Amino acid sequence: MSNPVLFAEVIIPLALPKNYTWSVPESLRDQIKPGVRVEVVLGKNKKYAGVVKRLHSEKPEAFEAKDILNILDTEPVIFPQQLKLWEWIARYYMCSEGEVMAAALPAHFKLSSETVLVFNEEFGDNFSTLDHDEYLVGEALLLKKELKLGEVQQLLDSHRVYPVIKRLIEKKVCFVWEALKETWSPKKETFVLLNAKYDNEEALASLLNDDKKLQRAEKQLELLLSYLHLVKTQGEVTKPELLKKSGASDAQLKGLVDKNILWLEKRQVDRLQYLPRNIQIDFELTPAQQRAFDAISEQLVSKQVCLLHGITASGKTQVYIKVIERYIRQGKQVLYLLPEIALTSQVIRRLQKHFGGYIGIYHSKFNQNERVEIWNKVKTGELKVVLGARSAIFLPFTDLGLIVVDEEHDTSYKQQDPAPRYHARDGAIYYASLFNANVLLGSATPSVESYFNAQSQKYGLAILGERFGGVQLPVIDIIDTKKMYGADKNKIIITPPLKAAIDQSLAQGKQVILFQNRRGYSPYQVCQVCGWIPHCKYCDVTLTFHKNTHKLHCHYCGTVYPPVHSCMACGSDKFAQRNFGTERIEEQLEEMFPQGRIARMDIDSVRGKTAHDNLIQQFEQNRLDILVGTQMVVKGLDFENVDLVGILDADSLLSFADFRVNERAFQLMEQVSGRAGRKDKQGRVFIQVSNTQHPVLYFVQQHDYGLFYQQEIEGRRMFFYPPFSRLIQLTFKHKVKEVAEAAAQLMSFSLQGDFGKYLVGPAEPVVNRVRNQFLMELLIKLPKDGELIQRCKRFIQEQVAIMHNDKRFRSVVVIADVDAV
Ligand code: ADP
Ligand code: ZN
Ligand code: ZN
């Protein structure tokens, strides 16, 4: 009997409704296995490297399966657990496994006819190690610098293309170009070096004792001595370290550099490689932390997931470190998730200190070589701890023991665009379950969903209710802005009580953080005669004036317009500026506190790669007094010397038309407040608001998460919102308003039958046009019945397919967002 024909279900990185099947030619049958990449043709001549999901012998009915052309890997690059995670995400978040694959794999693993290869200049032109085919392509790359895979196909016999490319990438002759992706340049740091001519004792002694110019500059001499001391104790010294530890100024250092005694050298900081592989725990948990640690350990025996509810500055990170240590000592791997890794260099530094060479960092902004390197080290088990943002859940762990989800409430864990629109916390819980691994969620302000799960015993709960060092949570003052106006009859930016408090903090050498969730200068300009407001041409939003570019910006599509001087409707040149953004605040602060050292932190001010980190370090080193910023100033930062926090316009947080408005407002305000008075002494918080009776303010003032939760959960129950229901949000986009509306109506109509009672809408969203596309939304609030939910998702997908077959609706984009945040 001959072997049955073998078929392979292959995932390719596209948004196809389902996976396709190819047949496995006789010659490849011995090598093929699930998890390896294969080269396949789709359609006429589009080629892809896809991942084999399953081998079987069920001949496809509807079409003649084509042969797989090549196998690229001898060993699987994707493990069965990862394939299961992809499948789960695709099913749960209503997208294709190919879309998950596209998000999950570093570019190196994804090849298609569209892929562009870029010559690696560092490789040079020594091609002696290349075989005939590799040489042909290598030479073409050397000449043209870039080649599309389609062009490579023309150079070689088409049966060999992908294996050749794969080898060239592995030999680092070329890279895969990732369009639109900012490449992350490795972190650079300035190191301080001693001029080589003072390397011998004699020369150094004569410099220190006899150099006249240096003798006169006493401060510089002191600085030089601290430098020499530091070099002796720690080997290398960075500029910020030197300034911090010696207390010297930039100018004094510059003096030594000008005298050619010290040199400055900007150099890449090696993040991982050379740190020793050992665990170094040089601190003790406090009794309260120890109790939380014990509770976590106990809960995780019987429960997969445990929530650590620890107030701000209670030392959650220290508890995580101890928990992580336990798992590594058992030989397990640990994934540490952070909402936005670019914003958390502080945590990275803290973890590196304890886990040295065991730790790796995985980040979508790292370049692909670094990502592949981490990928491979996770796979071999060499790395024990990986710190990453949401895409790190796709790493190929072999022996995962624990996932820590820090700041688990943070909405950055949910991917918005493009698909897969997954929530990394929830994906992590599923992924961990495949390894029988534990998950530790942590937050000072847990999401309502997670807290509900803890209350209903699905998750364990551990509580850390006191700050490290016994410092009290800050006192909160609520300032009623109703009767206060600025000089220009506008909303007041800094009220007199806040100003007085800032003065006091500065006088005591303390630092201040001010929070405003709008960037730019003036988010709103109104014609004083007719009320006309400048809008974006492509979006239904008002434009924000940015002083630094002197332009009007659309924060939705990024279009920039010249400033308007006269009203487009009535010609008047009188504009009122309503509301204020961070730029305007910064300007006002500079007027109010001419002596203060002020900086702004928002995406406009930290565009450069290291700008953000530099700003944080400057603030840490007390070289700034006041930091004003958007959400960025909130995220998990730990500054010792901040004793005052101001929330400048709380009304803007309390007025969103969304069922999560209270949760978000509470989280934000409690988290920003948490930056004040973290060490030594109780801090103060001022909240400027006109709607002073809003209940959320009371919860924040009392720092009472429990009370907030009780009220919130009742509202959710009453109005059937999560965690009591599951939300699927459908968005319909089209350049013609009526078409978007009709599409939404049609979907709503089809859903009426089985799901009518769960529908809300269709309705226009608050911003109903973005990038010249009109938007309509339809919300489905389903009871938590797995079977019903799955049926509804399938039904929606079928209806979308039917809709796209109708030529009126062919170009309507339908976006499904499950558990939208
Ligand atoms: P959280 O993450 O809960 O906001 P952190 O972990 O940032 O709190 O801790 C706040 C500060 O207190 C940090 O500077 C941290 O180093 C310090 N700290 C907390 N617990 C300890 C401990 N047991 N020993 C030494 N320092 C600690
Ligand atoms: Zn006007
Ligand atoms: Zn726009």
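Might you check whether a residue that is modelled with pLDDT under 90 and either within 14 Å of A816 (Cα to Cα) or in contact with a strand residue (DSSP E or B) (Cβ under 8 Å, 6 or more places away or on another chain) (or both) occurs anywhere in region 747-756? No; the residues of region 747-756 include none that is modelled with pLDDT under 90 and either within 14 Å of A816 (Cα to Cα) or in contact with a strand residue (DSSP E or B) (Cβ under 8 Å, 6 or more places away or on another chain) (or both). Within the option set R675, R607, being closer than 20 Å to Q511 by Cβ, among the basic types (K, R) and either within 16 Å of ligand 3 (Cβ to nearest atom) or not in a helix (DSSP H, G or I) (or both) holds for one residue only, R675. Assessment of region 566-573 against the conditions (away from ligand 3 (no atom under 16 Å from the Cβ), modelled with pLDDT under 90, part of a strand (DSSP E or B) and over 33 Å from the mean Cα position of the chain (by Cα)) yields no matching residue. For S811, the conditions (1) part of a loop (DSSP other than H, G, I, E, B); (2) under 24 Å from Y92 (Cβ atoms); (3) away from ligand 3 (no atom under 16 Å from the Cβ) all hold with the exception of (2).
Taking into account only those residues within region 200-228 that are among the aliphatic types (A, V, I, L, M) and over 44 Å from the mean Cα position of the chain (by Cα), which is surrounded by the fewest Cβ atoms within 10 Å (Cβ to Cβ)? Step through it out loud before you land on a result.
To start, the set of residues in region 200-228 that are among the aliphatic types (A, V, I, L, M) comprises 203-205, 207-208, 214, 217, 221, 223-225, 228.
Right, trim to over 44 Å from the mean Cα position of the chain (by Cα) and you get 203-205, 207-208, 214, 217, 221.
Values: A203: 13, L204: 16, A205: 11, L207: 18, L208: 15, L214: 18, A217: 17, L221: 16.
It comes out as A205.
For V672, state whether it is on the phi < 0 side of the Ramachandran plot and out of contact with any Phe, Trp or Tyr (no Cβ under 6 Å at 6 or more places or on another chain). Considered against the rule, which asks whether it is on the phi < 0 side of the Ramachandran plot and out of contact with any Phe, Trp or Tyr (no Cβ under 6 Å at 6 or more places or on another chain), V672 comes out as no. Exactly one residue out of H535, H553 is touching a His at 6+ places or on another chain (Cβ under 6 Å) and not aliphatic (A, V, I, L, M): that is H553. Take D157 and tell me if it is farther than 30 Å from D613 by Cβ, surrounded by fewer than 18 Cβ atoms within 10 Å (Cβ to Cβ) and modelled with pLDDT under 80. In short, yes.
Exactly one residue out of D680, D651, D638 is surrounded by fewer than 20 Cβ atoms within 10 Å (Cβ to Cβ) and within 24 Å of R578 (Cα to Cα), and it is D651.
Of all residues in region 558-584, those being of a type in the set (A, V, I, L, M, F, W, C), closer than 30 Å to K733 by Cβ and surrounded by 16 or more Cβ atoms within 10 Å (Cβ to Cβ) number 1. Residue-level check: of (1) part of a strand (DSSP E or B); (2) without any contact (Cβ under 8 Å) to a residue 12 or more places away in the chain, I476 misses just (2).
Somewhere in region 437-457, is a residue surrounded by fewer than 21 Cβ atoms within 10 Å (Cβ to Cβ), under 24 Å from the mean Cα position of the chain (by Cα) and not in a loop (DSSP other than H, G, I, E, B)? Within region 437-457, one or more residues are surrounded by fewer than 21 Cβ atoms within 10 Å (Cβ to Cβ), under 24 Å from the mean Cα position of the chain (by Cα) and not in a loop (DSSP other than H, G, I, E, B). The set of residues in region 45-69 that are part of a loop (DSSP other than H, G, I, E, B) and under 26 Å from F795 (Cβ atoms) comprises E58, P60, E61, A62, F63. Can you confirm whether region 617-636 contains a residue that is farther than 24 Å from Y485 by Cβ, among the polar types (S, T, N, Q) and within 16 Å of ligand 2 (Cβ to nearest atom)? No, region 617-636 has no match at all.
So is E741 without any contact (Cβ under 8 Å) to a residue 60 or more places away in the chain and outside any strand (DSSP E or B) or not? Here the answer is yes, as E741 does meet what is asked. Could you grab me the full set of residues in region 1-35 that are of a type in the set (A, V, I, L, M, F, W, C), buried (at least 19 other Cβ atoms within 10 Å of the Cβ) and closer than 23 Å to K166 by Cα? A8, V10, I11, I12, W22, V24 - these are the residues of region 1-35 that are of a type in the set (A, V, I, L, M, F, W, C), buried (at least 19 other Cβ atoms within 10 Å of the Cβ) and closer than 23 Å to K166 by Cα.
Filter region 502-532 down to residues that are outside any loop (DSSP other than H, G, I, E, B), more than 16 Å from ligand 3 (Cβ to nearest atom) and either over 20 Å from R584 (Cα atoms) or under 30 Å from the mean Cα position of the chain (by Cα) (or both), then give me how many there are.
Step one: filter region 502-532 for residues outside any loop (DSSP other than H, G, I, E, B), giving 502-507, 511-515, 522, 524-527.
Narrowing the set further to residues that are more than 16 Å from ligand 3 (Cβ to nearest atom) leaves 502-507, 511-515, 522, 526-527.
Retained after the next criterion (residues that are either over 20 Å from R584 (Cα atoms) or under 30 Å from the mean Cα position of the chain (by Cα) (or both)): 504-507, 511-515, 522.
Total satisfying the criteria: 10.
Out of L552, L589, one residue alone is out of contact with any helix residue (DSSP H, G or I) (no Cβ under 6 Å at 6 or more places or on another chain), within 30 Å of S246 (Cβ to Cβ) and away from ligand 1 (no atom under 16 Å from the Cβ). It is L589. The residue that is surrounded by the most Cβ atoms within 10 Å (Cβ to Cβ), among those in region 693-738 that are touching a residue at least 60 places away in the same chain (Cβ under 8 Å), of a type outside the set (F, W, Y) and assigned to a helix (DSSP H, G or I), is V700.
Each residue in region 304-357 was checked for being within 19 Å of G460 (Cβ to Cβ) and either within 16 Å of ligand 2 (Cβ to nearest atom) or without any contact (Cβ under 8 Å) to a residue 40 or more places away in the chain (or both), and 1 pass.
Taken together, I626, I603, I598 contain a single residue that is in contact (Cβ under 8 Å) with a residue 40 or more places away in the chain and surrounded by fewer than 23 Cβ atoms within 10 Å (Cβ to Cβ), which is I603. The residues of region 615-652 that are out of contact with any strand residue (DSSP E or B) (no Cβ under 8 Å at 6 or more places or on another chain) and either more than 22 Å from T317 (Cβ to Cβ) or within 16 Å of ligand 3 (Cβ to nearest atom) (or both), listed by number, are R623, S652.
Filter region 670-708 down to residues that are within 22 Å of A454 (Cβ to Cβ) and among the hydrophobic types (A, V, I, L, M, F, W, C), then give me how many there are.
Kept after step one, since they are within 22 Å of A454 (Cβ to Cβ), are these residues of region 670-708: 670-671, 674, 696, 699-700, 702-708.
Then drop every residue that is not among the hydrophobic types (A, V, I, L, M, F, W, C), which leaves 696, 699-700, 707-708.
Residues meeting the conditions: 5.
Is there a residue being modelled with pLDDT of 85 or more, in a strand (DSSP E or B) and either over 23 Å from H423 (Cβ atoms) or touching a strand residue (DSSP E or B) at 6+ places or on another chain (Cβ under 6 Å) (or both) anywhere in region 70-90? Yes, that holds for at least one residue.
Scanning region 9-23 turns up at least one residue that is within 20 Å of K379 (Cβ to Cβ), in contact with a Gly (Cβ under 8 Å, 6 or more places away or on another chain), hydrophobic (A, V, I, L, M, F, W, C) and in contact (Cβ under 8 Å) with a residue 60 or more places away in the chain. Restricting attention to region 533-551, the residues that are within 20 Å of T582 (Cα to Cα), within 16 Å of ligand 2 (Cβ to nearest atom) and hydrophobic (A, V, I, L, M, F, W, C) total 1. Scanning region 768-806 for residues that are within 28 Å of the chain's Cα centre (by Cα) and part of a helix (DSSP H, G or I) yields a single hit, K793.
Looking at region 533-559, which of its residues are among the hydroxyl-bearing types (S, T, Y), closer than 20 Å to F774 by Cβ and either more than 8 Å from ligand 3 (Cβ to nearest atom) or part of a strand (DSSP E or B) (or both)? Within region 533-559, T542 is the sole residue that qualifies. For residues that are at pLDDT 90 or above and not hydrophobic (A, V, I, L, M, F, W, C), scanning just region 303-313, find the one that is surrounded by the most Cβ atoms within 10 Å (Cβ to Cβ). This residue is G310.
The values are calculated or read from the model by the stated rules, or taken from the named source; none is laboratory data. No experiment lies behind these values; they were computed from the predicted model shown. Every residue, glycine among them, receives a Cβ derived from its backbone with ideal geometry; neighbour counts consider all protein chains shown.
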